[in-house]
Amino acid sequence: MGNKTKGLLALVGLGALAYWKYKNSSDEEKQMVKDKINTAKDNINKWGNDIKDKANNVASQVKDRANEVASQAQDKADEVRNKAQEVVS
């Protein structure tokens, strides 16, 4: 039996043990488990939203900077064109 198979069997065994223990718990203990799971879910969701917000902020900053550089490039191009027209005139 490979290590992956042993690991999988151990995980299934732990899952079965946890399920059995949960099923034989009092209502109060079951509620504590549910509360812990809900708290963990809330924390994961909050963490995910924080990551999303940070990614959006970075994307927004990159976009603003790109627009700024494009605007500067356009201004420079206009300036060069105007000078060229002055020289030709």
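General remarks:
- The residue pairs whose first member lies in region 1-18 and is without any contact (Cβ under 8 Å) to a residue 40 or more places away in the chain, whose second member is exposed (fewer than 10 other Cβ atoms within 10 Å of the Cβ), and whose beta carbons are closer than 9 Å, counting only pairs six or more residues apart or on different chains, are LEU9/MET1.
- Only listed residue being at pLDDT 90 or above and open to solvent by 100 Å² or more (accessible area, probe 1.4 Å), chosen from ASP27, ASP75: ASP27
The values are calculated or read from the model by the stated rules, or taken from the named source; none is laboratory data. Keep in mind that this is a model prediction, so the values were computed, not measured. So basically every Cβ, Gly included, is an ideal-geometry build from the backbone, and we count neighbours across all protein chains shown. What goes into the accessible areas is simple: the full protein's heavy atoms, side chains included, and nothing from ligands, DNA or RNA. Shrake-Rupley method; radii C 1.70, N 1.55, O 1.52, S 1.80 Å.
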